[in-house]
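Structure, as structure tokens:
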Amino acid sequence: AEAPAAEAPAAEAPAAEAAKPKKTKKKTEEKSSKKTEEKAPKKKPTKKAAAAAAPAPVAVAANASQLIGNTPLVRLSKIPAAESCVAEIYGKMESMEPCSSVKDRIGRGMIEGAETAGEITPGVTTLVEPTSGNTGVALAFIAAAKGYDIILTMPDSMSMERRMVLLAFGAKVVLTPAAKGMKGALAKADEICAKTPNSFQLQQFANPNNPKAHYETTGPEIYAALPDVDAFVSGVGTGGTITGTGQFLKEQNPAVKIVAVEPTESPVLSGGAPGPHKIQGIGAGFVPPVLDTKVYEEVIKVSSSDAMVMARRLAKEEGMLVGISSGAAVAAAVELGKRAEMKGKKIVVVIPSFGERYLSTPMFDEQREEAMNMVAEA
């Protein structure tokens with residue numbers, strides 16, 4: 001999930017400013033209509049039909065984008081036991097996507113949605129998008145596979161790994177001051193789009209194809225693997241994951257508890273003020289237009305330090321190398337799993353990204369220093 005720069009003041013832009021329409025009035029009205037339909041109540045599928053809705057794995061892919069999805073669930077054992085959890089906790093391993101994050105799903109969904117609508121053409125359109133990293137990586141990877149030029153704007157406090165991966169895919173990266181947060185990256189993307197011929201902004205914070213990707217894939221996959229899921233926990237950046245997945249799971253079982261996770265330092269969803277934090281990927285500093293705020297029953301706040309501690313524990317105790325926002329999500333799932341009313345219940349928590357993309361961040365300061373001071377033994 002996309003979020004403002006670590007240690008940078010969170011964007012204070014209102015949602016409308018954060019996602020200015022780049023189309024004609026007619027197209028904007030059509031997009032608004034599609035978004036309304038996205039959130040409209042749908043007829044509840046039967047359990048058999050819902051399970052069948054999960055996309056089938058691809059044995060031989062025609063291109064790399066076809067490898068997206070069908071990630072496994074992994075039951076956490078040591079950490080829940082050590083924390084006296086009474087619920088079972090399962091991680092949805094989005095860190096195992098082709099480009100190591102949950103954003104691969106929306107990258108494909110937004111690009112293919114725009115192609116279907118006739119809004120973009122490979123070899124003609126230049127894609128432009130603000131990002132805090134993982135959505136940019138997903139878009140760059142799919143743009144490379146499909147033949148699009150792409151320009152990405154990003155706060156300059158994002159990890160070095162993110163910059164290098166984007167450049168490796170051939171994307172043009174434009175950095176913006178960390179002090180301006182995502183608001184600065186959004187403004188720069190608007191500026192570039194306005195002066196670049198045949199450019200198109202996908203607008204992840206407002207694009208209905210963002211939650212649609214999760215409604216059509218993530219939700220059905222979880223339900224097919226664990227039909228008796230009792231709770232779903234997800235960090236909120238753009239809000240696409242919790243919106244699409246939550247809507248699908250609620251249709252199968254309205255009793256499923258949906259829990260949002262945000263940084264303690266920037267508790268906007270809880271009614272607080274935006275602020276600087278170090279959980280790259282969540283806590284955008286405003287309520288994104290794409291987020292369905294009615295889909296979740298609770299918001300759990302996790303501090304940057306607690307998120308990093310849990311992420312390091314996941315590596316050492318569960319053998320799962322994950323990112324900072326994964327630590328935040330699992331910390332929230334553990335808090336939920338300790339409650340007496342959750343005894344015997346099953347919680348699914350999204351593991352958004354792989355930890356190797358965060359080796360240069362403060363989360364791994366101790367390990368980096370140790371590695372740099374190592375000497376060869378005779």
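The values are calculated or read from the model by the stated rules, or taken from the named source; none is laboratory data. These numbers come from a predicted model, not from an experiment. Heads up, the Cβs are rebuilt from the backbone with ideal geometry, glycines too, and the neighbour counts pull from every protein chain shown. Quick note on the areas: whole protein, heavy atoms, side chains included, nothing else; ligands and nucleic acids left out. Shrake-Rupley method; radii C 1.70, N 1.55, O 1.52, S 1.80 Å.
Looking only at segment 151-161, how many residues end up being open to solvent by 10 Å² or more (accessible area, probe 1.4 Å) and touching a Phe, Trp or Tyr at 6+ places or on another chain (Cβ under 8 Å)? Total satisfying the criteria: 1. Please work out which residue is most open to solvent (accessible area, probe 1.4 Å), limiting yourself to segment 103-141 and to residues that are assigned to a helix (DSSP H, G or I) and either without any contact (Cβ under 8 Å) to a residue 12 or more places away in the chain or more than 30 Å from Thr361 (Cβ to Cβ) (or both). This residue is Thr116.
Restricting attention to segment 368-378, the residues being over 24 Å from Asp156 (Cβ atoms) and assigned to a helix (DSSP H, G or I) number 2.
Do we have any residue at all in segment 277-284 that's at pLDDT below 95, touching a Phe, Trp or Tyr at 6+ places or on another chain (Cβ under 8 Å), within 24 Å of Ala178 (Cβ to Cβ) and open to solvent by less than 40 Å² (accessible area, probe 1.4 Å)?
Initial filter on segment 277-284 (at pLDDT below 95): 277-284.
Of the ones still in play, those that are also touching a Phe, Trp or Tyr at 6+ places or on another chain (Cβ under 8 Å) are 280, 284.
In the following step, the residues that additionally are within 24 Å of Ala178 (Cβ to Cβ) were identified as 280, 284.
Next, only the ones that are open to solvent by less than 40 Å² (accessible area, probe 1.4 Å) stay: 280, 284.
Within segment 277-284, one or more residues are at pLDDT below 95, touching a Phe, Trp or Tyr at 6+ places or on another chain (Cβ under 8 Å), within 24 Å of Ala178 (Cβ to Cβ) and open to solvent by less than 40 Å² (accessible area, probe 1.4 Å).
Looking at Glu318, Glu297 in this structure, which one is in contact (Cβ under 8 Å) with a residue 40 or more places away in the chain, within 23 Å of Pro98 (Cα to Cα) and acidic (Asp, Glu)?
Working: Glu297 fails: within 23 Å of Pro98 (Cα to Cα).
After applying the criteria, what remains is Glu318.
Evaluate segment 246-261: report whether one residue or more is at positive phi and touching a helix residue (DSSP H, G or I) at 6+ places or on another chain (Cβ under 6 Å). Within segment 246-261, none of the residues are at positive phi and touching a helix residue (DSSP H, G or I) at 6+ places or on another chain (Cβ under 6 Å). Take the residues in segment 261-276 that are touching a residue at least 12 places away in the same chain (Cβ under 8 Å) and open to solvent by 10 Å² or more (accessible area, probe 1.4 Å); name whichever of them is nearest to Asp306 (Cα to Cα). Applying the filter and picking the extreme gives Thr264. Scanning segment 73-91 finds no residues that are closer than 19 Å to Leu359 by Cα and open to solvent by less than 10 Å² (accessible area, probe 1.4 Å).
Checking the conditions here, which among Pro4, Pro55 is open to solvent by 20 Å² or more (accessible area, probe 1.4 Å) and modelled with pLDDT under 75? Quick ask: steps written out before the conclusion?
Values: Pro4 fails: open to solvent by 20 Å² or more (accessible area, probe 1.4 Å).
Going through Pro4, Pro55 in turn, the sole match is Pro55.
So, in segment 345-365, of the ones that are assigned to a strand (DSSP E or B) and open to solvent by less than 10 Å² (accessible area, probe 1.4 Å), which residue ends up farthest from Leu226 (Cα to Cα)? Top of the filtered list is Ser353. For Pro98, the conditions (1) within 18 Å of Ala145 (Cβ to Cβ); (2) assigned to a helix (DSSP H, G or I) all hold with the exception of (2).
Here is the figure for segment 162-183: residues that are part of a helix (DSSP H, G or I) and either surrounded by fewer than 16 Cβ atoms within 10 Å (Cβ to Cβ) or without any contact (Cβ under 8 Å) to a residue 60 or more places away in the chain (or both) total 6. Within the option set Thr238, Thr264, Thr217, being in contact with a strand residue (DSSP E or B) (Cβ under 7 Å, 6 or more places away or on another chain) and of a type in the set (Ser, Thr, Tyr) holds for one residue only, Thr264.
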